[in-house]
Amino acid sequence: MYFSNLYEYITGKEFNMTRIQRAILSLALLAGTTGVLFAQETVSGNSRGISASFTVQKDRVEITMSAPVQGWVAIGIDPTDKMKDADFKIAYVKDGTVYIRDDFGNSPIAHSEDVKLGGTSDILSYSGKEEKGITTITFVVSRQTTDSKDKPLTPGTHKIIVAASDSDSFTAKHKTVGSFTITLP
Ligand code: HEM
């Protein structure tokens, strides 16, 4: 067996492991290999009670945003002036169903759907829940899309704006806004 040969080669002693010890060693090696093959790293931020975490996995990023509201929660990636030029993902849960939109900041105080601005909706998958007054949404995007209305999630620092509302409507204004900076791997 591979372990025994290696062990004997290194230690010069006869390999004599119990089944349990062999199982533990196998699991440790498997976990190590899986970690290398599926390396992922999570960075997160929080502002005024609204949090967002970003888990980078190869060319995709899984984002979870959460806020103590019964309406929408949103993030905006890399704005230039207040809401302008931010890549927004905004979502709410109504009667157990998740509604989510890929938007763009078309002015410092407004946003509109990518699809209405000549872009595309680029949310690959999503899920969410509203429980005990907290709305939590998880979705997956590509690090880089072909849509000019999306901001690439390249390695390095990004300004993130967050907002939340108690209204289940994409056009209702926020009751809370915040911002933070993340550094993606
Ligand atoms: C339909 C939805 C939205 C409307 C109508 C709206 C409207 C506005 C308005 C009118 C302002 C100017 C300042 C004020 O009056 O408070 C503002 C500021 C701002 N909004 Fe929005 N907004 C919306 C969604 C969002 C979303 C989804 C985000 C972030 C994820 C966001 C982030 C911000 C930020 C960071 C500011 C600047 C706050 C400051 O510098 O004081 N907004 N918004």
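Given the stretch 41-184, what whole percent of its Cα pairs are spread farther than 20 Å? Taking all Cα-Cα pairs of the stretch 41-184, the fraction more than 20 Å apart is 40 percent. Applying 1/(1 + (r/R0)^6) with R0 = 35 Å to the Cβ-Cβ distance of Glu14 and Ser44 gives a FRET efficiency near 0.10. Taking label positions 7 Å along the Cα-Cβ direction at both Leu117 and Ile134, the computed distance is 3.1 nm, reported to one decimal. Would you mind getting me the FRET efficiency between Thr183 and Arg22? Use the beta-carbon distance for r and R0 = 41 Å, nearest 0.05. For Thr183 and Arg22, the calculated efficiency is 0.50.
What relative contact order, as a whole-number percentage, does the stretch 41-184 give when Cα pairs under 8 Å and 6 or more residues apart are counted?
Once divided by the residue count of the stretch 41-184, the mean separation gives 28 percent.
Values quoted throughout were computed directly from the atomic coordinates according to the rules given, and no laboratory measurement underlies them. All values derive from a computational prediction rather than experimental measurement. Cβ: placed from backbone, ideal geometry, glycine included. Neighbour counts: every protein chain shown.
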